[in-house]
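Read-outs: derived from the displayed coordinates by stated rules, not from any lab. All of these numbers come straight from a predicted model, not from anything done at the bench. Ideal geometry is used to build each Cβ from the backbone, glycine not excepted, and the neighbour counts take in all protein chains shown.
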Amino acid sequence: MFDTFIYYLKIILQGLPNTLTLGILGILSAGLLAIILSCLLSLNSYALTKAIRTYIILFTGSPLLVQLFLIYYGPSQFSDTLSKVPALYKLISSPWFCAYLALTLNSAAYTTQIFYGALKSLPLGQWQACEALGMDKKQTLKVILPYALKRALSTYSNEIVFVVKGTALASMIPVMDIMGYSNQLNSDYYDFSIFIVAGLVYLLINGLLSTIMRIIEKKNLTFEN
C-alpha cells in the first residue's frame, strides 16, 4: 500500500511545476490587473465604470470551466484568420497559456471587488485629508492604496487559495498539471486512491499558502494593534 502511494505520488508530482506556475503567475497577473481596475473605478468615469462592471459581472457570473473552454476552443473557430499571425496563433493554441489567461481574468474580477471594496471602506477623513493638502484623485490613490491593500489581505488570501484550486480545471483542455497526471493514472489503474494522493498534494500547497498569507497579514497590520 505504501509503495503504491509513493508510486502515485512520484507520477503526480511531475505536474507540480505546471500547477505552481499557473497558480503563481495567475495570482500575480490577476492582482496587478485588479489594482489597475480598482484605481480606474475610483476615478468615477462613467464609461470606464460601466466597462469594468460588465467585465466583473461576466467573469464572476459564469463558471471558470466555461470560461476556460471558451478561451481555449473559441479562437479555433477563426483559425484560418489567426493562422496568418503565427506568433499569436501559437500563443492562443497553447493549453497552458489559455489556462493562465482564464485564471487571470477570472481571479482579477473577484480581486477587483475585494480591492475596490477595501478602498471604499476607508474612512472618509483620509480622502478629505488628502484633498485638503491639494492632492487630486490620482495623487490621493497613491497615498491610500497601499493602506487599503493591507486591509484587504485577509479576504484576498482566500482568493489566492481559490486560484490554486482552480488550476485543477486546467487538466480539462488539457494541461498536464497535478490533476492531468492524476487523470492519466486513473485511466490506467482505475484506483480512486489516486485522487486522495492528489488531494493531499493540493492540501499541502494551500496550507503553505494560507500560512504564508497569515504571516504577511500579521506583519502588515501590526500598526493597527
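Quick notes
- Ranked by the mean number of other Cβ atoms within 10 Å per residue, highest first, peptides 73-82, 18-27 order as 18-27, 73-82.
- Inter-probe distance in nm under a simple model that places probes 7 Å from Cα toward Cβ, at SER121 and LYS219: 2.2
- Surrounding net charge for MET213, when Lys and Arg each add one and Asp and Glu each subtract one, Cβ distance under 12 Å: +1
- Virtual spin-label span in nm between LEU88 and MET1, 7 Å along Cα→Cβ: 5.7
- Between GLN128 and LEU204, the modelled label-to-label distance comes to 5.4 nm, taking each label 7 Å out from Cα in the direction of the beta carbon.
- Dividing the summed helix terms, -39500 (n - 2.57) for each DSSP H run of n ≥ 4, by the number of residues in the chain produces a 222 nm estimate of -26000 deg cm²/dmol to the nearest 500.
- Dipole of the chain, positive end: most advanced residue of ASN44, ILE114, LEU70 [Cβ charges, Cα centre]: ASN44
- Order of GLU159, GLU217 - criterion: other Cβ atoms within 10 Å of each residue's Cβ, fewest first: GLU217, GLU159
- Tail beyond 26 Å, pair distance distribution of the stretch 42-193 (Cα, percent): 47
- About its Cα centre, the dipole of the stretch 2-224 is roughly 740 debye, where the only charges are +1 on Lys and Arg Cβ and -1 on Asp and Glu Cβ.
- In order through the stretch 100-117: 3J(HN,Hα) via Karplus (6.51 cos²θ - 1.76 cosθ + 1.60), integer Hz, x for Gly, Pro: 4, 5, 5, 4, 4, 5, 5, 5, 4, 5, 5, 5, 4, 4, 5, 5, 5, x
- Subset of LYS10/LYS150; LYS50/LYS120; LYS90/LYS165; LYS50/LYS138; LYS120/LYS218 violating a 29 Å alpha-carbon distance limit: LYS10/LYS150
- A simple rule links phi to the HN-Hα coupling: the Karplus curve 6.51 cos²θ - 1.76 cosθ + 1.60 with θ = phi - 60°, which for the stretch 48-53 gives 5, 4, 4, 5, 5, 4 Hz, with x for Gly and Pro.
- Principal-axis tilt of helix 178-189 within the chain, Cα atoms, nearest 10 degrees: 20
- For the stretch 164-170, putting each phi into the Karplus relation 6.51 cos²θ - 1.76 cosθ + 1.60 with θ = phi - 60° gives couplings of 4, 5, x, 4, 4, 6, 4 Hz, in residue order, rounded to whole numbers and with x for Gly and Pro.
- When the chain is treated as a Gaussian network with alpha carbon springs shorter than 10 Å, the biggest mean-square fluctuation among GLY180, GLY61, GLY166 belongs to GLY61.
- For the stretch 2-224, the relative contact order works out to 32 percent when only alpha carbon pairs closer than 8 Å and six or more residues apart are counted.
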